[in-house]
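Okay, so here's the structure we're looking at.
The values are calculated or read from the model by the stated rules, or taken from the named source; none is laboratory data. Because the structure is a prediction, the values reported are computed rather than measured. Here the Cβ positions follow ideal geometry from the backbone for every residue, glycine too, while neighbour counts run over all protein chains shown.
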């Protein structure tokens, strides 16, 4: 019998195939519906089996559902003001969750130099990307929002990596969550602003499986199904 984790992967695969079919036949309303449905189903599973008390993770799911709802009712505003702001708040909730946990990892001077260099390089990359899409954005204030969006994702990725250095299974799936969502954002932005439609297939894959990792990261065990235990692991 399939474990809950494998059931989540199976459901995610079905959602991905449906999204690909809708994209292939240019049924964008179907894609929006599937993404909203996926958010709601994953959030429901999370609420039923969650093993954490922090409020930031439920708020992350809530804001992502609101963002998916905004896209559903206002077709093709994936990077509009409302949707972007809602997703930005969702990412901030994840940052608030992980930041205190990664502080348990000790730093030396070399670590600080490396993290600072990585941060600055990525800030420059974000700046160039925002500069690239600036002429394609109707509301110019959105360039500032996109820049802040990028900074939050950089801080979140660094924090998730440092959290992973604690080497427990929750930090592993949390890192997968962040890595997949950020990769989906990159493909989505390139596809949306440069009109590379084939990028959307990659965006759907990383986004949906990222959300599935977001469920698995915060559930532990239930009565009849061992999902994943918070055990020490030796590698990523």
Notebook entry, point to check: Out of curiosity, is residue 94 part of a helix (DSSP H, G or I) and surrounded by fewer than 18 Cβ atoms within 10 Å (Cβ to Cβ)?
Noted result: no
Note to self: Can you find a residue that is touching a residue at least 12 places away in the same chain (Cβ under 8 Å) and in contact with a strand residue (DSSP E or B) (Cβ under 8 Å, 6 or more places away or on another chain) anywhere in the range 12-29?
What the structure shows: no
Notebook entry, point to check: Taking residue 62, is it closer than 19 Å to residue 83 by Cα and at pLDDT 95 or above?
Noted result: yes
Item checked: Residue list for the range 97-141, filter: at pLDDT below 85, in a helix (DSSP H, G or I) and either surrounded by fewer than 16 Cβ atoms within 10 Å (Cβ to Cβ) or at positive phi (or both) -> 109, 111, 132, 134, 135, 136
Item checked: Candidates 145, 190 - the one that is at pLDDT 90 or above and farther than 16 Å from residue 8 by Cα -> 145
Note to self: Which condition from (1) surrounded by 14 or more Cβ atoms within 10 Å (Cβ to Cβ); (2) out of contact with any strand residue (DSSP E or B) (no Cβ under 9 Å at 6 or more places or on another chain) is the one that residue 2 breaks?
What the structure shows: (1)
Check: Do we find that residue 56 is surrounded by 19 or more Cβ atoms within 10 Å (Cβ to Cβ) and closer than 29 Å to residue 170 by Cβ in this structure?
Finding: no
Checklist line | helices (runs of 4 or more DSSP H) fully within the range 1-84 counting 1 or more residues that are over 19 Å from the mean Cα position of the chain (by Cα) and more than 26 Å from residue 192 (Cα to Cα) | finding: 4-24, 28-49
Next item on the list: Select, from 73, 64, the only residue that is under 28 Å from residue 28 (Cβ atoms) and surrounded by fewer than 12 Cβ atoms within 10 Å (Cβ to Cβ).
Entry: 73
Next item on the list: Identify all residues within the range 193-223 that are assigned to a helix (DSSP H, G or I) and modelled with pLDDT under 90; write none if there are none.
Entry: 193, 194
Next item on the list: Taking the residues in the range 153-166 that are in contact (Cβ under 8 Å) with a residue 60 or more places away in the chain and closer than 16 Å to residue 120 by Cβ as candidates, determine which candidate is surrounded by the most Cβ atoms within 10 Å (Cβ to Cβ).
Entry: 153
